[in-house]
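Shown next, in structure tokens, is the structure this report addresses.
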Amino acid sequence: MLITGATLADGRVRDVRIGDDGRIDAVAEGLGADAGERVLEARGRHLLPGAVDVHVHFREPGGSHKETWASGSRSAAAGGVTTVVDQPNTSPPTVDGDGFDEKAALAAESLVDYGINGGVTADWDPESLFDRPLFALGEVFLADSTGDMGIDADLFADALDEATARDVPVTVHAEDATLFDESALDGDLGGIGTAATADAWSAYRTAEAEIAAVERALATAADRDARVHVAHTSTPEAVDAVSEARADGASATCEVTPHHLFLSRERARSLGTFGRMNPPLRSEERREALFARLAEGAVDVVATDHAPHTVAEKRQGLADAPSGVPGVETLYPLLLESARKGELSLERVRDVAAANPASAFGLDRKGRVAEGYDADLVLVDTAGSREIEAAALHSACAWTPFEGLRGVFPEVTLVRGEVVYERDPATGAASFGEAVGRNVRES
Ligand SMILES: NC(=O)N[C@@H](CC(=O)O)C(=O)O
Ligand SMILES: [Zn+2]
Ligand SMILES: [Zn+2]
């Protein structure tokens, strides 16, 4: 296939040839089409590397009423995400070789490439787990979240040792439950969608609980020369702690979610229990400071923590509604809308969504539009934004916390040269390709 006249993130206009092996053969000017070659005319539109979302929860096995590999990967493809990394808090949890194998068999339904993380619980089995083609160890839960997989400091230290001995990176969910403010949950929290329910969760899982846990996790990892990736940092202080650790020689990266970049406690008031997630939404002031760090380049990775739950589950009271929000389909659209408005450069968007997560986890054929890289590509009209509506998204959970915000959505998504998603710009009609996804640690 030949893609002609595409604008790259840095502004160069180029033709891109994709070889039969699904890799980019050439990025150059004036490449003529060969006889019989499919040509995708891209003039006036941007060609970006497919996003590498290193933090999704696709819920299989055990939670297929919330999401499946088929529905989650369709949502990913429609959002321009060409690689996803699934987290271990499924049922059963992915904490041993059998658990890994069970999940890997289900992941064969994926339209996009994927990695499978392994988790840590009191009865995990490192021997059989590390025997499999794991993407990373994690997310290792330092406090309970969905799945109740919180572990103590000793087990975390052991897990870091096991991973480091095998040169495997560790992704950590860092909150310290001893610093949660139980009093925030006292009294009448009101009904669903009230200011009280939404705000109480943010007041309960304090910013200090995250900051302290991130600092401790970084110190524990630095002591062992472990490679650590801090998941969903929701505070500017935690991002700074990662920057400082790296300045001190640690191998540490941080990840920020779109919900912490685009939503705050102000918005949570109307989201009610639909805005409950871990770590929770923060003050508007902290959100702005987090976004400023993204714009400056202090945020390494934007990943979604795509955590779908059904509307019925989220509609319960604050005590019972599960934590988590979907987001894999709106990652690129929200970032590209910020670029359209001049708040971020396109190169920054490309780096945090694709190039940086690929390099942070050693995916040397992902995340760039360059010769030799996998042809995981997104074609998008960066001037065309529309309102985000759950009805037009593809996750099985059928709602979004970003309803009503604007997004710039892809027109075509390719995985290793195969079209997995295509949208007719005139009618908006979407079509999907085959389940071509592969484990990125096996290819
Ligand atoms: N973020 C969440 O609030 N929920 C996640 C788990 C997690 O990442 O902590 C989930 O799996 O539902
Ligand atoms: Zn988490
Ligand atoms: Zn998560």
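Every number here is computed from the coordinates shown, using simple stated rules; none is lab data. Fair warning: this is a prediction, and the values are worked out from it, not measured in the lab. Every residue, glycine as well, gets a Cβ built from its backbone with ideal geometry; the counts of neighbours run over all protein chains shown.
Structure notes:
- Legend: ranking of residues GLU337, GLU237, GLU387 from fewest to most surrounding C-beta atoms inside 10 Å; resulting order GLU387, GLU237, GLU337.
- Beta bridge orientation in the chain: antiparallel %, DSSP, nearest 5: 50 percent
- Here MET277, MET149, MET1 are placed in order of increasing Cβ neighbour count within 10 Å, fewest first, which gives MET1, MET149, MET277.
- Compactness ratio for the stretch 7-93: Cα radius of gyration over 2.2 N^0.38 Å (N = residue count) comes to 1.48.
- Relative packing of peptides 418-429, 130-141 - highest average C-beta neighbours within 10 Å first: 130-141, 418-429
- If you look at the Cα atoms of the chain, you get an Rg and a Dmax of 20.7, 73 Å.
- Net length available on complete extension from GLU266 to GLU285 is 5.8 nm, with 0.36 nm assigned per residue and the Cα-Cα distance removed.
- Under the simplified labelling scheme, the SER345-SER64 pair shows an inter-label distance of 4.7 nm, with each label point 7 Å from Cα along Cα→Cβ.
- Residues whose amide H falls under 5 Å from that of PHE58, counting only those 5 or more places apart or on a different chain, are GLN87, with hydrogens built in the peptide plane.
- Protection proxy ranking of 66-72, 255-261 - average other beta-carbon atoms within 10 Å, highest first: 255-261, 66-72
- When the chain is described by a simple charge dipole with +1 on each Lys and Arg Cβ and -1 on each Asp and Glu Cβ, the residue from GLY138, SER283, GLY428 located farthest towards its positive end is GLY428.
- Backbone geometry of the stretch 28-38 corresponds, through the Karplus equation with coefficients 6.51, -1.76 and 1.60 at θ = phi - 60°, to 3J(HN,Hα) couplings of 7, 8, x, 6, x, 6, 7, 4, x, 7, 6 Hz, x marking Gly and Pro.
- Phi-based couplings in Hz for the stretch 391-407 (Karplus 6.51, -1.76, 1.60; Gly and Pro marked x): 4, 9, 9, 10, 5, 5, 6, 6, 8, 9, x, 9, 3, x, 6, 9, x
- Label-to-label distance, nm, for residues given as ALA222 and ASP21 (7 Å Cα→Cβ offset): 4.2 nm
- Within the shell defined by Cβ-Cβ distances under 14 Å, the residues around ARG348 carry a net charge of -3, with Lys and Arg each +1 and Asp and Glu each -1.
- Database remark: amide H of VAL39 closer than 5 angstrom to the amide H of LEU2 (H placed geometrically; neighbours at sequence offset of 5 or more, or on other chains; Pro and chain starts carry no H).
- Residue-span extension gain [ALA298 to VAL39] - 0.36 nm each, minus C-alpha spacing: 89.4 nm
- Assigned charges on the beta-carbon of Lys, Arg, Asp, Glu; the chain dipole about Cα centre (debye): 1600 debye
- Contour minus Cα-Cα distance for ASP131 and ALA319 (0.36 nm per residue): 63.8 nm
- Packing rank of 96-102, 283-289, where each peptide gets the mean count of other beta carbons within 10 Å, highest leading: 96-102, 283-289
- The amide H of TYR114, built 1.01 Å from its N in the peptide plane, has VAL84, ARG438, ASN439, VAL440 as neighbours under 5 Å, considering only residues 5 or more places off or on other chains.
- Over the stretch 269-316 - Rg/Rh using Cα atoms and the Kirkwood inverse-distance radius: 1.06
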